[in-house]
1. Provide a single number: the residues in the stretch 54-105 that are not polar (S, T, N, Q) and not in a helix (DSSP H, G or I).
2. When only residues in the stretch 1-23 that are over 16 Å from residue 117 (Cβ atoms) and not hydrophobic (A, V, I, L, M, F, W, C) count, which is modelled with the lowest pLDDT?
3. I'm checking my understanding of the structure. Among residues of the stretch 64-117 that are in contact with a Leu (Cβ under 6 Å, 6 or more places away or on another chain) and among the β-branched types (Val, Ile, Thr), which one is farthest from residue 26 (Cα to Cα)?
Amino acid sequence: MKISILLAMLFSASSVIAWDAKKEFTTNCATCHSIGGGDKTGPDLAGVTERREEKWLIKFIQYAPGMIDGDPEDEEYKTPDPLAVKIYKKYEPIKMTEQMLEPEQIKKLLAYIKEQSKGKTAKGKILEVK
């Protein structure tokens, strides 16, 4: 039993290490988002790591529908997030789907977006909640 738990932990850790943020962005994000190329189906992500807290970005990437609609069955997403709702209203009817990524993978993805954002400005209206 202990060996199977250890193997599961090692496999999980190695899959995060081997995971490729550029490939993830190109394959699963670039269809709807650019980094400095303007809005598409979703917002331009240039500079997003400077505008939003990492914790908020991780939460949104993992479960955008919960942040937009709220999820009474999930304590972390109990009520809609005002900024998530505002972003959705700009791009509706398209709602970003739930992403099956671990927080460490999302951090690597955000680091990739930050690196690609250097020298670029988002070409679209930056939404804030007041």
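1. Count: 17.
2. 14
3. Across the stretch 64-117, the extreme among qualifying residues is 87.
A quick yes/no check of all residues on (1) in contact (Cβ under 8 Å) with a residue 12 or more places away in the chain; (2) crowded, with 19+ Cβ neighbours inside 10 Å; (3) closer than 28 Å to residue 19 by Cα:
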{"residue": "37", "(1), (2), (3)": "yes, no, yes"}
{"residue": "46", "(1), (2), (3)": "yes, yes, yes"}
{"residue": "51", "(1), (2), (3)": "yes, no, yes"}
{"residue": "61", "(1), (2), (3)": "yes, yes, yes"}
{"residue": "83", "(1), (2), (3)": "yes, no, no"}
{"residue": "94", "(1), (2), (3)": "yes, no, yes"}
{"residue": "99", "(1), (2), (3)": "yes, no, yes"}
{"residue": "102", "(1), (2), (3)": "yes, no, yes"}
{"residue": "114", "(1), (2), (3)": "yes, no, yes"}
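The values are calculated or read from the model by the stated rules, or taken from the named source; none is laboratory data. Keep in mind the model is a prediction, meaning the values are calculated, not measured. Cβ: placed from backbone, ideal geometry, glycine included. Neighbour counts: every protein chain shown.
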